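Here the structure comes first, spelled out in C-alpha cells, and everything after it is commentary.
Taken together, the values in this text are just the output of simple stated rules run on the coordinates, not laboratory data. None of the values given here were measured: they were computed from a predicted structure. Cβ placement follows ideal geometry from the backbone for every residue including glycine, while neighbour counts extend to all protein chains displayed.
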C-alpha cells in the first residue's frame, strides 16, 4: 500500500482493558521513523481528551494530546459553531470537561441539544427520562457515537449507541452522529496530516464504524484482530476491509 | 355500534397519575347494568396484577383482580408454556412477583429469556449491560410492551419500549412483544368474554398499541382524549380510530 498518513483507533487497537497491545508502540515509532504522520481518532467517549492522553501515557505510550481527536472534542466544536450552547450532557463527569472548556453550558432545562456519550453509570431511568422530555420540548439529539459495544476488561460493555437508539425510539427523532463513522470526523483528523483521503488508511477494530466509515470517505480501511474484533461481525457486516492484520504491530510491514 | 364486549385500557383511561377520570366509574356501572362484559388489558408493567387491583380500589373502582389482564401475567404464562423458566427480569420488584407466582426462576446467569418491563429505577447501566451480555449468550429478548411513554403525574415517563429498542440495537435481536399490540394479548382477554373480535371494542389512549393493535385483530378501536392522547400523535400514526370520545365516561352513549 502507498500510504501517506494513518488514522488510528485507540481502544482495542492500542490497548484492551488495562492491557497494552504487544508491539503497537514499536509500530508507532516505525511510522515516526519513516515520516508517516498519524492521528488518533476515538469514539471512546467516557473520558476527556486530557484523560485519554494521560491513560495512554500510563500504558507507556508517548502521544501528545494534540494528536488525539475524540468525539467529545469534535462535538463541542461542532455545537458551538452551530450556536447550540445550552446542552444537556448525558456523559461522564470527565467527558463533560471537554464541553465546558469549549465554552458550552451544561444545563438541565431549556437545552438546545441533548448530547449522548457513553455515560456509563450516568445512565439511569431518571437521566434518560430527562433527556427524553428535553427532546420533546425541542432539543436536538446529538450522539457522540452510535457504537453498540466495546470490549472491557471483564467482557463486552454497552456503548452510547443503544441509549441513542432508545431516545430516538422514544422521541421519534433521528440523532446527529458526530464521532465515527461521520465523514466530518475522519476528515477533520485527516486535514491535520495534509494527506488526501485516497492517500490515507484508517486502522481500527470496528468493522462498521472504523472500516465502513473510513471507506465511505475514500480512506482505506485496515481491520485489526484485536479489541472487539469478531469473525462473525466481519461476515455479517457486508463491509470488506482493504486489509486485515493481527494487530497494529504488523502495520509497518504492509505500508 | 353493536358491541357485545369491551376491552379497556387502564392507565390514562381510568386514571391519570393519581387522578381518577371523571365519570369513568359510572360508565362501568352502566356496562354492568346492560350486561356487556368487559375486561381490562394493561401494558402498565410496573406493578403486579395484585397491585394494579389494589391501586384501582384505592381510586374508588371496585374491579375484581380476575378481570384484569396485565402484560406480566400474560408473559409469565407464555414463558412457562414455552419451557423458558430461567428469566433475567428487568422489571420492578413488584412486577417480579407475577413471574415468581407462575413458577419462573429469576436468575442473573444462564437465562433462557431476558424479560423487559417498564423497570423504572431498575434501569441502570449495570442492569442494561447484564441484559445485553445474556442476550449475546443466547437468551431470548421478551418485551412486556414496546410503548414509548406514558403520562405520569408530573409529565411524560419513558415506558419499556425505548429500553427494548436499546437492547435490540445492542444485541442485533428482535424482541418478542407479549403485551399490546400483540394479537394474542387482546384475544386472550376477549376469550374470557365469549365475544368474537368483530363484536368487540377496545377503549384506549394509545393510538398505536391500543387502537392500531385492536384493529389488526378485527376489534374496533375507540380512542379516548385522556391520558397520553395528543392530536399530533393521532395525525402522525396513520391509524384511524373507529370512534374518538372525550373520555370513558361517554362510552355508554355510543354503544
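Below, the figures for the structure above:
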| read-out | value |
| --- | --- |
| In degrees, nearest ten, helix B:24-34 long axis to first principal axis of chain B (Cα) | 70 |
| Helix B:125-136 vs. chain B, principal-axis angle (Cα, 0 to 90°, nearest 10) | 80 |
| Value of relative contact order over chain A, rounded to a whole percent, pairs C-alpha under 8 Å and six or more apart | 23 |
| Peptide A:97-110 - average C-beta neighbours from other chains (10 Å radius) | 0 |
| CD proxy at 222 nm, helix term only [per DSSP H run n ≥ 4: -39500 (n - 2.57); per residue of chain A; nearest 500] | -9500 deg cm²/dmol |
| Förster radius 60 Å - calculated FRET efficiency between residue B:57 and residue A:199 (Cβ-Cβ, nearest 0.05) | 0.25 |
| Alpha-carbon centroids, region A:98-138 and region A:168-186: separation in whole Å | 15 |
| Mean separation of Cα contacts under 8 Å (6+ apart) over length of region A:75-177, as relative contact order % | 24 |
| 7 Å along Cα→Cβ, label-point gaps from residue B:124 to other copies, nm, shortest first | 0.9 |
| Computed label-point distance, nm, for sites residue B:254 and residue A:77 using a 7 Å Cα→Cβ extension | 5.7 |
| Two-decimal ratio, chain B, of alpha-carbon radius of gyration to 2.2 N^0.38 Å | 0.98 |
| Rounded, prolate or oblate (a/c below 1.5 giving rounded, otherwise prolate when a/b exceeds b/c) for the protein assembly as shown by Cα gyration tensor | prolate |
| Label point distance in nm, residue B:4-residue B:237, each placed 7 Å from Cα along Cα→Cβ | 2.6 |
| Per-copy distances of the residue B:235 label point, shortest first, in nm (7 angstrom along Cα→Cβ) | 4.9 |
| Nearest residue to the symmetry axis between A and B, taken on chain A by its Cβ, in whole Å | A:166, 2 |
| On Cα atoms only, tilt of B:71-81 relative to the major axis of chain B in degrees | 50 |
| Global form of region B:72-177, assessed from the alpha-carbon gyration tensor, a/c cut-off 1.5 | oblate |
| Fewest-first sequence of B:1, B:202, B:128 by Cβ atoms within 10 Å of each Cβ | B:1, B:128, B:202 |
| Shortest-first distances to equivalent copies, position residue A:62, nm, label 7 Å out along Cβ | 8.5 |
| Inter-chain shielding of A:224-232 (mean C-beta neighbours from other protein chains, 10 Å cut-off) | 0 |
| Contact order relative to length of region B:171-216, as percent, for alpha carbon pairs under 8 angstrom and 6 or more apart | 40 |
| Inter-chain shielding of B:170-180 (mean C-beta neighbours from other protein chains, 10 Å cut-off) | 2 |
| Gap separating the Cα centres of region A:8-75 and region A:187-255, nearest whole Å | 15 |
| Label-point separation, residue A:50 to residue B:176 (7 Å along Cα→Cβ), nm | 5.1 |
